[in-house]
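Notes follow once the structure below has been shown.
The values are calculated or read from the model by the stated rules, or taken from the named source; none is laboratory data. For clarity, every value in this text was computed on a predicted model and none was experimentally measured. We place every Cβ from the backbone using ideal geometry, glycine too, and count neighbours over all the protein chains shown.
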Amino acid sequence: MKTTAGLWDRALTGRWSRIGLALLAGLGAALAHPPFGILPGLLGYGLLMLLAERSGNTRGAFWMGWLAGFAYFGLGCWWVAEAFLVNPDQAWMAPFAASLLPAGIGLFWGAATALYRRLAPRGVLRVLMFAGLFALFEWLRGHVLTGFPWNPAGASWKAGSAASQLASVIGVYGLSLVTVAIFAAFAPLAAPGPRRSRITAAGLGFVGLIAVIAFGAGRLSEARVEPTDTLIRIVQANVEQESKWTPEAYRGIVDRYLALTAQPSTLPGSPLPDVVVWPEGALPAAADTVFGPASQDGVLIAQAVQPGQTLLMGLGRGQADPTAPDGARYFNALFALHDTGGPGLTIAAIYDKHRLVPFGEYLPLGSLMGALGIRSLVHMPSDFSAGPTPAPIDLPNAPRVQPLICYESLYPGFTPGGAGRPDWIVNASNDAWFGATSGPLQHLNLASYRAIETGLPVVRATPTGVSAMIDPWGRIVGENQLGSGQSGVIDSLLPRPASRTLFGRFGDLGFWILLGLALVLSGPWPKRPMKPAH
C-alpha cells in the first residue's frame with residue numbers, strides 16, 4: 001500500500017504526470033456527456049481538485065485547470081470545425097476554431113482552480129468550496145461576452161433522466177454545483193488526512209448522489225404527459241449544409257419542404273396539423289427573395305399550407321436602416337405565417353434572434369477580423385444584428401409560444417416563468433453545419449434542459465437531425481424523433497405544460513443560495529494560501 005501511495009503521490013507532483021492527469025480529468029468529465037454517457041468520468045472533477053491542491057502555487061493550479069478545460073472542450077466542441085469545412089474558402093479556419101475555442105474557454109476552468117488553490121481551507125469541507133468556485137466560473141462562462149454555455153457540468157446527465165430533474169429547482173448551474181460536489185467528494189479518499197473524515201466525505205458524496213436520483217425519480221413518478229388538441233408537424237427535410245448553395249439545389253430544397261408539409265398526417269384519421277414547423281434557415285434565401293413579387297416560391301408555400309394552419313419558418317430578413325453601413329440591417333428570424341383562407345399567407349408574428357453565434361452570425365472586433373481575412377459564416381450581405389430580448393409570440397390558432405433559434409436554446413432564463421409564461425417552446429435550429437458529429441446530439445440534450453427548467457414542452461426542428469417533440473420533463477415523447485440523416489415529419493399533439501417550476505419562478509436564485517452556502521460552510525477562510533500537502 002505504501003508503494004502504491006508513493007506512486008500516486010509522485011504522479012500528483014511530477015511535472016509530466018500532472019499534465020497527463022489534468023488532460024485525463026478533462027477528458028473523463030467530457031465523456032460523461034451525451035452521446036458517450038460514461039458517468040464515472042465525472043470523477044475527473046475530483047482529480048482536478050487534487051491536482052490544484054498539489055500544485056506548488058496559484059500559477060500551477062491555473063495551468064492544471066486550463067489543461068483540463070482544454071481537453072474537456074476539445075472533445076466536447078471539436079465539431080465546430082465542421083462548420084468551417086462547408087465552404088472550401090473558409091476551410092483554413094477549421095483547425096484554428098477547433099483549437100482556439102477550447103483554449104479560450106478553458107481559461108474559466110483555469111481561473112476557478114487558481115482561485116480555489118489560493119482560498120481553499122483544509123478539511124473535507126473544501127469540496128464545497130471547489131464545487132462552488134467551479135460552478136461560479138461555469139456561470140461566468142455562460143454570461144461573459146454573451147457567453148458560451150455549451151456542456152455545463154450539470155448537463156452531463158441525460159435530459160429526462162432522474163438526476164436531471166433537479167434542474168427544475170436550481171437550474172443547470174445549480175445542478176452543476178451539486179454534480180461537481182458529489183464527485184469531488186470522493187477525491188479525499190486519495191488524499192492525506194484522517195481516515196474517518198475522508199470516508200465521511202465520500203459517504204456524503206454517495207448520499208448526495210442517491211438524494212439527487214431519488215428526488216428526480218419521485219418527480220418523474222408523478223409526471224403525466226397530457227396532450228392538448230394542438231397538432232404540431234415538425235418537418236426535417238435532411239438538407240446538408242454544403243449542398244444548399246446552387247440554383248439547382250435550391251429548387252430541390254423547396255420541393256422537399258413543400259412535399260413534406262403537404263403530405264397526409266401520420267396519425268390515425270389524418271387530422272390536419274395546426275402548426276407546421278420548419279427549421280432555422282430552412283431555405284437558403286432571404287425572406288424578401290422567397291416572398292418577393294418576382295418569386296413563385298411564396299405562392300407554392302401558400303398552396304402547401306392549408307387554410308387555418310400556421311407555418312413557423314426560419315429565414316433571414318433585411319430591414320432598411322440608414323445608420324447601417326450598407327443602408328440595411330439583417331436578422332436571423334422566425335416567421336409565423338398564417339393561412340386565413342385568402343390569397344397568400346399573413347405574417348402573424350416575427351421573432352428576431354437575440355443571442356447570435358460569434359464568428360457564425362457576426363464577427364467580434366469585425367474590422368480587425370476582416371483585415372485578417374476572417375468573415376462570419378452567415379450567407380447574407382453583412383453580419384446579422386441582434387434582435388430584442390426574447391419574448392413569447394401569439395399565434396392565431398395555437399397556444400402562446402417562446403421561440404428560441406438554434407444557439408439560444410443553450411441559455412437558461414430566456415423563457416419567462418411568471419405572468420407572461422408561454423405554453424411551449426419552439427427551438428428552430430440548423431445543426432446541419434455540424435454534420436453527423438456529436439454536436440447535434442449534445443445540442444438536443446442541452447435544449448431539453450430548457451423543458452426541465454421551465455416545465456414546458458419543447459418542439460425542436462432541424463434540417464438534418466435531431467428533431468424531436470420533448471415533454472415538460474425533458475423526455476422525447478414516444479417515438480417522436482428524427483435522427484441524423486433522416487427525412488420525414490413528426491406529427492404529435494403538443495403536451496400540456498407542467499406546473500410552474502421553482503426555477504421558472506425564481507431563475508438562478510436557487511443557484512446563488514447554494515453557492516453562498518457552499519462558500520460559507522467551507523470556511524474558515526485561510527489568511528494565506530495553503531501549503532501543498534505531502
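Side notes on the structure shown:
- When residue 201 is tested against (1) in a helix (DSSP H, G or I); (2) out of contact with any helix residue (DSSP H, G or I) (no Cβ under 8 Å at 6 or more places or on another chain); (3) among the small types (Gly, Ala, Ser), exactly one condition is not met: (2).
- Among the residues of segment 74-105, those that are more than 16 Å from residue 431 (Cβ to Cβ), hydrophobic (A, V, I, L, M, F, W, C) and free of Cβ contacts under 8 Å to residues at least 60 places away in the same chain comprise 75, 91, 92, 94, 96, 98, 100, 101, 103, 105.
- Complete set of residues in segment 241-276 that are in contact with a helix residue (DSSP H, G or I) (Cβ under 6 Å, 6 or more places away or on another chain) and either part of a loop (DSSP other than H, G, I, E, B) or of a type in the set (Ser, Thr, Tyr) (or both): 243, 261
- Single residue of segment 72-117 satisfying the filter (β-branched (Val, Ile, Thr) and over 30 Å from residue 523 (Cβ atoms)) that is modelled with the lowest pLDDT: 86
- Within segment 255-268, one or more residues are out of contact with any Ser or Thr (no Cβ under 9 Å at 6 or more places or on another chain) and surrounded by 22 or more Cβ atoms within 10 Å (Cβ to Cβ).
- Residue-level analysis places residue 15 outside the set of residues that are surrounded by fewer than 22 Cβ atoms within 10 Å (Cβ to Cβ), over 29 Å from residue 438 (Cβ atoms) and modelled with pLDDT of 85 or more.
- If only residues of segment 475-494 that are of a type in the set (Gly, Ala, Ser) and modelled with pLDDT of 95 or more are counted, the one that is surrounded by the most Cβ atoms within 10 Å (Cβ to Cβ) is 492.
- Pair list, Cβ < 6 Å and 6+ apart or interchain, from segment 436-447 residues that are within 11 Å of residue 467 (Cα to Cα) and outside the structural domain of residue 36 (by TED's automatic domain parsing) to residues that are buried (at least 24 other Cβ atoms within 10 Å of the Cβ) and acidic (Asp, Glu): 440/431; 443/431
- Residue within segment 226-241 that is without any contact (Cβ under 8 Å) to a residue 12 or more places away in the chain and assigned by TED's automatic domain parsing to the domain that holds residue 300 present: no
- The number of residues in segment 113-131 that are in a helix (DSSP H, G or I), touching a Ser or Thr at 6+ places or on another chain (Cβ under 7 Å) and not hydrophobic (A, V, I, L, M, F, W, C) comes to 3.
- Considering the conditions (1) at pLDDT below 95; (2) more than 24 Å from residue 444 (Cβ to Cβ), residue 34 is excluded by exactly one of them, (2).
- Matching residues in segment 476-523 - criterion: being in contact with an Asp or Glu (Cβ under 8 Å, 6 or more places away or on another chain) and of a type in the set (Val, Ile, Thr): 477, 501
- Beta carbons closer than 6 Å, at least 6 apart along the sequence or on distinct chains, pair a first residue in segment 10-30 that is in the same structural domain as residue 186 (by TED's automatic domain parsing) with a second that is in a loop (DSSP other than H, G, I, E, B) and of a type in the set (D, E, K, R) for 12/54; 13/54.
- Residues satisfying the criterion are absent from segment 93-103 (criterion: over 27 Å from residue 241 (Cβ atoms) and assigned by TED's automatic domain parsing to the domain that holds residue 15).
- The single condition among (1) assigned to a helix (DSSP H, G or I); (2) surrounded by 21 or more Cβ atoms within 10 Å (Cβ to Cβ); (3) more than 14 Å from the chain's Cα centre (by Cα) that residue 145 does not satisfy is (2).
- Selected residue (only one of 497, 472 is surrounded by 14 or more Cβ atoms within 10 Å (Cβ to Cβ), assigned to a loop (DSSP other than H, G, I, E, B), modelled with pLDDT of 95 or more and over 20 Å from the mean Cα position of the chain (by Cα)): 497
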